[in-house]
Amino acid sequence: MRAVVAREAGGPEVLSYTELPDPAPGPGQLLLRVAAAGVNFIDTYRRAGVYPMEYPHVVGAEGAGTVEAVGEGVTGFAVGDRVAWHDGPGSYAELVAVNASGVVHVPAGLDLTTAAALPLQGITAHYLVRSTFEVQPGHDVLLHAGAGGVGLLATQLAVARGGRVVTTVSTPEKAALSAAAGAAHTIDYAAMDDITAELPALVRELTDGQGMHVVYDGVGRTTFEASLASLRPRGMLVLFGGSSGQVPPFDPQRLNRGGSLFLTRPTIAHYTLTRGELEWRTSEVLSSAASGDLDVRIGATYPLADAGEAHQALESRATTGKVLLVP
């Protein structure tokens with residue numbers, strides 16, 4: 001099979017498109033033929049060495065495809081089944097062996113390319129809006145990177161639950177995409193000289209001086225201070241990523257001074273602790289996409305051989321929606 005390997009820690013140039021032996025499914029695993037693989041920031045962190053990894057390794061963890069072979073002890077799956085997964089290390093490949101416990105069926109009516117765009121970002125958007133801070137009618141929501149993959153999905157889910165969503169974006173094109181997803185207001189943070197001072201002031205204008213009930217922040221270092229300052233008393237900052245870098249340590253007393261604020265740093269693993277929880281989240285997201293209730297934007301599709309270009313585009317924030325690799 002052909003696969004994309006990170007030879008060592010570094011930039012996109014360390015990625016190599018190469019030929020490897022076909023994997024075989026071990027006990028409890030499925031061998032999957034990849035129709036499309038999702039490109040995510042966590043892939044770039046692992047490639048760059050931000051997260052400890054062994055090198056060389058086949059990159060990627062998310063995708064959709066069909067079952068090629070069923071490992072010992074696996075039930076509920078058969079060869080030819082259409083499936084998707086969010087935690088299958090080595091998914092930038094033509095074939096990948098994945099633990100069956102993390103694989104879900106793709107509903108009829110949803111093509112595999114669209115399905116590949118949903119497991120990681122769809123589950124993330126779902127747990128943010130449904131569990132970490134459960135959006136209710138009347139809630140004011142600030143969501144950074146509103147035209148990104150998670151941003152577009154989370155906006156739709158929050159609006160469907162009655163929230164009023166304000167997003168930050170960096171271009172007029174992204175503002176239009178965010179508005180189409182249901183954002184009541186879009187804010188161009190790229191035009192700001194001092195986001196820490198200017199963004200909270202704009203937020204309070206939009207909320208009669210109150211501030212936000214919740215801020216969903218996947219950007220991290222460059223937006224963290226502005227996010228904290230945009231909250232109303234007892235508001236929650238949900239820091240679910242760090243595309244601009246990780247947030248430095250800070251004094252928890254600031255939460256007190258800011259209005260008895262809440263801060264959480266969630267991760268997908270803790271919101272898919274059981275098979276039942278995984279199936280609940282993925283079934284709602286995938287079935288909504290299949291019915292057309294959830295619009296899934298695939299911003300760019302690259303051949304598997306061009307994974308380095310896909311990483312460059314993602315890291316430079318030149319993308320909107322989901323980025324996919326197709327073998």
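The table below gives the values:
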quantity: Verdict on residue 202 being open to solvent by 60 Å² or more (accessible area, probe 1.4 Å), among the hydrophobic types (A, V, I, L, M, F, W, C), in contact with a strand residue (DSSP E or B) (Cβ under 8 Å, 6 or more places away or on another chain) and over 19 Å from residue 314 (Cα atoms); calculated: yes
quantity: Selection count where residues are under 14 Å from residue 222 (Cβ atoms) and β-branched (Val, Ile, Thr), scope region 190-206; calculated: 2
quantity: Yes/no for residue 193 being more than 16 Å from residue 139 (Cα to Cα), acidic (Asp, Glu) and modelled with pLDDT of 95 or more; calculated: no
quantity: Pick from region 215-235, criterion hydrophobic (A, V, I, L, M, F, W, C) and touching a Ser or Thr at 6+ places or on another chain (Cβ under 7 Å), ranking: farthest from residue 153 (Cα to Cα); calculated: 229
quantity: Residues located in region 25-59, provided they are of a type in the set (Gly, Ala, Ser), open to solvent by 10 Å² or more (accessible area, probe 1.4 Å), closer than 14 Å to residue 311 by Cβ and outside any helix (DSSP H, G or I); calculated: 49
quantity: Residue list for region 209-224, restricted to those being open to solvent by 10 Å² or more (accessible area, probe 1.4 Å) and either farther than 29 Å from residue 46 by Cβ or more than 22 Å from the chain's Cα centre (by Cα) (or both); calculated: 209, 210, 213
quantity: Looking only at region 180-189, and only at residues there that are in contact with a Leu (Cβ under 7 Å, 6 or more places away or on another chain) and of a type outside the set (Gly, Ala, Ser), the one that is surrounded by the fewest Cβ atoms within 10 Å (Cβ to Cβ); calculated: 185
quantity: Checking residue 233 against (1) out of contact with any Gly (no Cβ under 7 Å at 6 or more places or on another chain); (2) part of a strand (DSSP E or B), the condition it does not meet; calculated: (1)
quantity: Condition check for residue 103: among the aliphatic types (A, V, I, L, M), touching a Phe, Trp or Tyr at 6+ places or on another chain (Cβ under 6 Å) and modelled with pLDDT of 95 or more; calculated: yes
quantity: Conditions (1) open to solvent by less than 10 Å² (accessible area, probe 1.4 Å); (2) in contact (Cβ under 8 Å) with a residue 60 or more places away in the chain; number of the one not met by residue 83; calculated: (2)
quantity: Residue within region 298-306 that is of a type in the set (A, V, I, L, M), free of Cβ contacts under 8 Å to residues at least 40 places away in the same chain and open to solvent by 50 Å² or more (accessible area, probe 1.4 Å) present; calculated: no
quantity: Where a residue in region 16-32 is among the hydrophobic types (A, V, I, L, M, F, W, C) and its partner, wherever it lies, is surrounded by 15 or more Cβ atoms within 10 Å (Cβ to Cβ) and not in a strand (DSSP E or B), with Cβ under 7 Å and at least six apart; calculated: 20/1; 30/71; 30/74; 30/77; 30/100; 31/23; 31/25
quantity: Complete set of residues in region 235-284 that are surrounded by 11 or more Cβ atoms within 10 Å (Cβ to Cβ) and charged (D, E, K, R); calculated: 254, 265, 275, 277, 279, 281, 284
quantity: Which listed residue, of 78, 64, 69, is in contact with a Pro (Cβ under 7 Å, 6 or more places away or on another chain) and either among the hydrophobic types (A, V, I, L, M, F, W, C) or part of a loop (DSSP other than H, G, I, E, B) (or both); calculated: 69
quantity: Residue 288 being open to solvent by 20 Å² or more (accessible area, probe 1.4 Å) and over 19 Å from the mean Cα position of the chain (by Cα); calculated: no
quantity: Search result, residues across region 301-323 that are within 15 Å of the chain's Cα centre (by Cα) and either closer than 17 Å to residue 147 by Cα or modelled with pLDDT under 95 (or both); calculated: 314, 315, 317, 319, 320, 321, 322, 323
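The values are calculated or read from the model by the stated rules, or taken from the named source; none is laboratory data. Predicted model, so just to flag it, every value in this text is computed and none were measured. Virtual Cβ from ideal backbone geometry, glycine too; neighbours counted across all protein chains shown. Only protein heavy atoms, including side chains, enter the accessible area calculation; ligands, DNA and RNA are left aside. Shrake-Rupley method; radii C 1.70, N 1.55, O 1.52, S 1.80 Å.
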